[in-house]
1. Looking only at Cα atoms, what is the convex hull volume of the chain per residue, in Å³?
2. Using a 1.4 Å probe on the protein heavy atoms only, what accessible surface does TRP268 show? Give it in Å² to the nearest 10.
3. Percentage of Cα-Cα pair distances in the range 14-94 greater than 21 Å, rounded to whole percent?
4. Classify the range 190-242 as rounded, prolate or oblate from the Cα gyration tensor: take a ≥ b ≥ c as the square roots of its eigenvalues, call it rounded if a/c is under 1.5, otherwise prolate when a/b beats b/c and oblate if not.
5. Under 24 Å from the Cα of LYS232, which lysines turn up, not counting those fewer than eight places away in the same chain?
6. Restricting to bridges with both residues inside the chain, how much of the DSSP beta-bridge set is antiparallel, in percent to the nearest 5?
7. Over the Cα atoms of the range 40-182, how large are the radius of gyration and the largest Cα-Cα distance (Dmax), in Å?
8. Principal axis extents for the range 76-139, Cα atoms only, whole Å, descending order, please.
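The values are calculated or read from the model by the stated rules, or taken from the named source; none is laboratory data. All values reported here derive from a predicted model rather than from experimental measurement. Backbone-built Cβ (ideal geometry, glycine too); neighbour counts: all protein chains shown. Just so you know, the surface numbers come from the protein's heavy atoms only, side chains and all, with ligands and any DNA or RNA stripped out. Shrake-Rupley method; radii C 1.70, N 1.55, O 1.52, S 1.80 Å.
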Amino acid sequence: MGNNTPPRTLTIAGSDSGGGAGLQADLRTFFACGVHGMTAITAVTVQNSLGVTGVHTIPPEVVAAQIEAVATDIGVQAAKTGMLATAEIISAVAGACDRVRIGGDGTPLVVDPVSASMHGDPLLHEDALDALRDELFPRATLITPNLDEVRLLTGIDVRSRAEQRDAAKALAEYGSRWVLVKGGHLWDDPECLDLLYDGSGFTEFLGPRFDQEHTHGSGDTLASTITAALAKGADMVDAVARGKAFIIESVRTAYPLGGGVGPVSARWRLPDADTFLVD
Ligand code: PLP
């Protein structure tokens, strides 16, 4: 590899036509973190700041082929999954990851179990939850559910930090190496606690809770930063700490867009972004 070639990361995710979440957020974050981002597209969403009005899924074998094409030629130092849409796509992703040794004891795999948009639009078929739990979680290095996803996956309706710990333990039973239960949706908590569990001990990542309505793409951005840090060789606790630091700044600098919910921003990482092309 040339001296200028950075570590390579792969996102297996859906497209958000509004550019706020999904693979667009992942690529933006990868770039801001100094890694080369690649994509295996699972679905095209018709989406703007007001919500998702259409989903067109990509054939499972084409999703698998994208993963294998980049892994066998370019190489992948860490991968993440976002919107996977259907049980058939999840099975295809699991098979392709096995063939190119992503996940398990191989290349780190971060699984963000995306199930719905913040407007409540479904991004995962209901019958795909079993596939997520049975086929992808056992291969995952880390899973990163928010509290809505925790409820769907475990039935636990987390209302306190104590229940957040119970949920992490329940999720660890599905076989991922690490579990990160994000506390952003614990609305009564004055701070935002993300809880990392390795099957025996907890590490707490505490941050401020912003009065910020424009948080579209926040889950993708956090998981992408962690993926980029893992690609650069960080250990999991360090990678999550960097993800937390990145998302705090990205939420702080989020911006309104359209008539609905705007995205978190990675522009703070590029200090001359406003002036680069004009004096
Ligand atoms: N659209 C796509 C393609 C996504 O992957 C995601 C989340 O991962 C979303 C929408 C939802 O983002 P949000 O929860 O910020 O609405």
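1. It is 128 Å³ per residue.
2. For TRP268, the solvent-accessible surface is approximately 80 Å².
3. Working: 969 of 3240 pairs.
So the pairs more than 21 Å apart make up 30 percent of the total in the range 14-94.
4. Judged from the Cα gyration tensor, the range 190-242 comes out oblate (a/c at least 1.5, b/c at or above a/b).
5. Answer for LYS232, where 24 Å is the Cα cut-off: LYS80, LYS182, LYS244, listed by chain and number.
6. Given both bridge residues lie in the chain, the antiparallel proportion sits at roughly 45 percent.
7. Considering the range 40-182 through its Cα atoms, Rg and Dmax are 15.1, 46 Å.
8. 35, 19, 14
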